[in-house]
Amino acid sequence: MPNTRGSGEINSSTEKKRFWNNDMEAVIGIMVVLLILGTINVFSSSFILAEAEFDTPYFFLKRHIINIIVGFVVFLICFRIDYHKWRKAMPFILVFTVASLILVLLVGPMVNGARRWLPLVVMQFQPAEPAKLVAIMLTAAYAALQVKTKREINIFTPQMAIVALMFVLTEQEPDMGTASLILGIPLIMLVVAGLDIKKFWRLVGVVVAGIILLILRQPYRLERLKVTWDPWSDAQNVGYQTVQSLSAIGSGELTGMGLGVGVSKYDYLPEAHTDFAFAIFCQENGFLGAIFVFLLFAALAVYAARIAARAKDEYGQFLSVGIMVLVVGQAIANLLMVGGMFPVVGIPLPFISYGGTSLIVTMAAIGILVNIGRLGERGE
């Protein structure tokens, strides 16, 4: 007689060893862990600046917590709404997004030579951030239709013209980093959708020419590019931020200096709580902490890819891919920038860097991704 009791115990043990019941729980779990790490890091990297400028060490922490609360509300809304409804609402979303991008150029306050924010009651709204997600939604709708009807994928379409318009408006702020994401992610999605190889190489040529023109348009960009791989050649000027970032990372060694103990935030490293927040994280948590963050984003990419593969329609598949590239690709770009292997372009690290609109939009994107996975699992 077979030992069914033993078999049952093995199955029960196997179930207990699983961290998640499904891919959606995994994505949510990773997001929560990154939010916890980010909240700790935002406070640790900002309390010196907050005390000096606002007479309270908790200024940025309080705002960050408000952003998380708003982000969770937006996440829950996006989690509950069938992702197909965003496709139907696209005309209204596009009008709002483009209008916001135009409005910020007209009335947005000038900060550090750029107009990127519209002041609201409790936060600064950055229209370029939701434009990244809107560009992904628009491209996913186009790519899904072409694949479903077995028609050729093209670059020069009305949808891509709108994406290009959002790119131009964002570049005018100027914000080359965010503008590059607004245009770059949809182009990657078209390649994934099956862009013809000849058109692909034409696209590469256009992109390279465009990058060269954008760099030449602003002289400081060429200077940043020159010192990217040798920031010590101009360590007191253009390369200063990268040199300080690398010094912060290196001083963390294996286990870090300890939470709150990092010294680079004492007016050494500019943007220590925003674009270069990961440098402070490495200084205080060391190589082991950095590896842990790498693994979290790698796992997020794997689970997002699994959700995309199991989505029940082409729109869900392409939307999942776009969101994966948005979050994980942005993380890779920031990590390369902070590590001195990429020019300083002002791309934040999702969940870790301080930034209200960026955080809320990222949480909205994760909500949509989880909704795609939930409906895909149900077969709806």
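The values are calculated or read from the model by the stated rules, or taken from the named source; none is laboratory data. Every value quoted in this text rests on a predicted model; they were computed, and no experiment measured them. Note: ideal-geometry Cβ built from the backbone for every residue, glycine included; neighbour counts use all protein chains shown. Ligands, DNA and RNA are excluded from the accessible area calculation, which covers all protein heavy atoms including side chains. Shrake-Rupley method; radii C 1.70, N 1.55, O 1.52, S 1.80 Å.
Taking segment 228-238 as the range and being crowded, with 19+ Cβ neighbours inside 10 Å and in a loop (DSSP other than H, G, I, E, B) as the test, only Val238 passes.
Within segment 45-55, the residues that satisfy the criterion of being under 14 Å from Val263 (Cα atoms) and open to solvent by 10 Å² or more (accessible area, probe 1.4 Å) are Phe47, Ile48, Leu49.
With respect to the conditions (1) in a loop (DSSP other than H, G, I, E, B); (2) open to solvent by 20 Å² or more (accessible area, probe 1.4 Å); (3) of a type outside the set (Val, Ile, Thr), Glu173 lacks only one, and its number is (2). Sort out which residues of segment 309-321 are surrounded by 19 or more Cβ atoms within 10 Å (Cβ to Cβ), outside any loop (DSSP other than H, G, I, E, B) and touching a residue at least 60 places away in the same chain (Cβ under 8 Å), and write them in order of number. Passing the criteria: Tyr315, Gly316, Gln317, Phe318, Leu319, Val321.
Against the list (1) at pLDDT below 85; (2) surrounded by 19 or more Cβ atoms within 10 Å (Cβ to Cβ); (3) of a type outside the set (Lys, Arg), the condition Leu216 fails is (2).
Filtering segment 265-290 to residues that are free of Cβ contacts under 8 Å to residues at least 60 places away in the same chain and buried (at least 24 other Cβ atoms within 10 Å of the Cβ) leaves Leu269, Ala279, Cys282, Gln283, Asn285.
Filtering segment 343-359 to residues that are outside any loop (DSSP other than H, G, I, E, B) and buried (at least 24 other Cβ atoms within 10 Å of the Cβ) leaves Ser358, Leu359.
The criterion of being closer than 23 Å to Leu183 by Cα and among the aliphatic types (A, V, I, L, M) does not hold for Leu37. Any residue that is surrounded by 11 or more Cβ atoms within 10 Å (Cβ to Cβ) and over 25 Å from Met189 (Cα atoms) - is there at least one of those in segment 136-148? Looking through segment 136-148, none of the residues is surrounded by 11 or more Cβ atoms within 10 Å (Cβ to Cβ) and over 25 Å from Met189 (Cα atoms). Take the conditions open to solvent by less than 40 Å² (accessible area, probe 1.4 Å), under 20 Å from Tyr315 (Cα atoms), touching an Asp or Glu at 6+ places or on another chain (Cβ under 9 Å) and part of a helix (DSSP H, G or I) and apply them to Ala179. Does it pass? In short, no. Do we have Met324 as in contact (Cβ under 8 Å) with a residue 24 or more places away in the chain, part of a helix (DSSP H, G or I), open to solvent by 20 Å² or more (accessible area, probe 1.4 Å) and not charged (D, E, K, R) here? Considered against the rule, which asks whether it is in contact (Cβ under 8 Å) with a residue 24 or more places away in the chain, part of a helix (DSSP H, G or I), open to solvent by 20 Å² or more (accessible area, probe 1.4 Å) and not charged (D, E, K, R), Met324 comes out as yes. Annotation: of all residues in segment 239-259 being part of a loop (DSSP other than H, G, I, E, B) and over 25 Å from the mean Cα position of the chain (by Cα), the one that is nearest to Ile36 (Cα to Cα) is Gly258.
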